[in-house]
Amino acid sequence: MFQNKTVFITGGASGMGLLSGKCFAAEGANVVLMDINQEALDAAVAECGGNTIGIQTDVTKYEQLVAAKDKAIETFGSIDIVLPCAGGAEGRLAEDYTEFKDRDIAIFDFGIDLNLKGAVYAAQVCLNQMAKQMSGVIIFLGSITGVEGGGSGAVAYSCAKSGLITGATKSLAQYGAKYNVRVNCVSPGPVLTREAMAKMETLIGRAADPQEIVDLILYLASDKAAFITGTNFLIDGGRNIMPKRKYEKK
Ligand SMILES: NC(=O)c1ccc[n+]([C@@H]2O[C@H](COP(=O)([O-])OP(=O)(O)OC[C@H]3O[C@@H](n4cnc5c(N)ncnc54)[C@H](O)[C@@H]3O)[C@@H](O)[C@H]2O)c1
């Protein structure tokens, strides 16, 4: 389905980024995997096979994304699909479990840099090429946390994902339309890229298999979704319509 298409995936060494890479490669796409973790990236490139390259990239560093975009175009000649997957809750990634009021503000900045700026950077660096091609698809990874909040540990993560779901997706869809660039957002509930996600409740009564999310990504990236742009897709097992949970008072 994706012969001669090039997919630009950040956070591609693990989880849904890696699984997307594998699925796109299996459908004939050229795959550019980027990740901060070189060792995991090498393994991921081997796992994807086909026409896959790996470029060590920290998405919080704009110039590294520019260099990765240049390398992708030099290698494959186009960028057709952008999938910024690098992300995660700042408290978990920084292993900082202090309350938000006591937390070093640098951790908030880190969460925004990774989850909001990193994703928008990845899209922005590819837009010139997509405009030249007069075609392209950008699919952001939002989260149910961008809709319902993330509590003390994920304030930046929640702010960033809300920003992707609404501001980035809608603005870039409005802007990209004149270049035939579609922009959408996929916002999962709990996904079993980590065991711990099984604890998060859903109406369906389980967390998602990563393939369930990647199937939606593949659909949105394909020409079957040619009429879909500017939209967020909550894929959360009905979590957003569950009776509200109570937070404990001190
Ligand atoms: N897993 C879930 O339950 C879930 C739910 C909702 C949304 N999401 C979102 O989906 C996306 C993928 O989640 P996942 O669980 O598959 O991811 P994951 O944690 O398995 O993988 C994330 C990858 O990003 C890489 N990374 C971290 N910092 C980076 C940086 N600065 N630059 C480049 N790469 C970096 C990591 O090395 C890792 O390989 C994330 O944006 C996440 O927020 C996940």
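Read-outs throughout are calculated quantities, based only on the coordinates presented, and are distinct from any laboratory measurement. Since the model is a prediction, treat every value here as computed from it, not as a measurement. For neighbour counting, all protein chains shown are included, and Cβ atoms are generated from backbone atoms with ideal geometry for every residue, glycine included.
Name the single residue that is farthest from the ligand (Cβ to nearest atom) among those in the range 67-110 being of a type in the set (Lys, Arg) and surrounded by 14 or more Cβ atoms within 10 Å (Cβ to Cβ).
Going residue by residue through the range 67-110, those that are of a type in the set (Lys, Arg) are 69, 71, 92, 101, 103.
Filter again for surrounded by 14 or more Cβ atoms within 10 Å (Cβ to Cβ), leaving 69, 71, 92, 103.
Numbers: 69: 14, 71: 15, 92: 9, 103: 19 Å.
Per the criteria, the residue is 103.
When you scan the range 131-181 for helices (runs of 4 or more DSSP H) that lie fully inside it, which ones turn up with 2 or more residues that are in contact with a helix residue (DSSP H, G or I) (Cβ under 6 Å, 6 or more places away or on another chain)?
In the range 131-181, the matching helices (runs of 4 or more DSSP H) lie at 145-148, 155-162.
From 219, 179, which residue is closer than 24 Å to residue 29 by Cα and free of Cβ contacts under 8 Å to residues at least 24 places away in the same chain?
The conditions single out 219.
Which condition does residue 200 not pass, out of (1) within 8 Å of the ligand (Cβ to nearest atom); (2) under 18 Å from the mean Cα position of the chain (by Cα), if it passes all the others?
All conditions are met except number (2).
Within the range 207-250, restricting attention to residues that are part of a loop (DSSP other than H, G, I, E, B) and within 12 Å of the ligand (Cβ to nearest atom), which residue is nearest to residue 18 (Cα to Cα)?
Step one: list which residues in the range 207-250 are part of a loop (DSSP other than H, G, I, E, B), which gives 207, 209, 222, 226-231, 236-238, 242-250.
Among the residues that remain, those that are also within 12 Å of the ligand (Cβ to nearest atom) are: 207, 209, 236-237.
Working: 207: 19, 209: 14, 236: 20, 237: 22 Å.
Checked the range 207-250; the qualifying residue nearest to residue 18 (Cα to Cα) is 209.
I'm trying to understand the selection: among the residues of the range 229-241, which are surrounded by 15 or more Cβ atoms within 10 Å (Cβ to Cβ) and free of Cβ contacts under 8 Å to residues at least 60 places away in the same chain?
Residues satisfying the conditions are 229, 233, 235, 237.
Residues are listed down the side, and each one gets a yes or a no for (1) touching a strand residue (DSSP E or B) at 6+ places or on another chain (Cβ under 9 Å); (2) of a type in the set (Gly, Ala, Ser); (3) over 23 Å from residue 166 (Cα atoms):
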site: 201; (1), (2), (3): no, no, yes
site: 209; (1), (2), (3): yes, no, yes
site: 212; (1), (2), (3): yes, no, no
site: 218; (1), (2), (3): no, no, no
site: 226; (1), (2), (3): yes, yes, no
site: 232; (1), (2), (3): yes, no, no
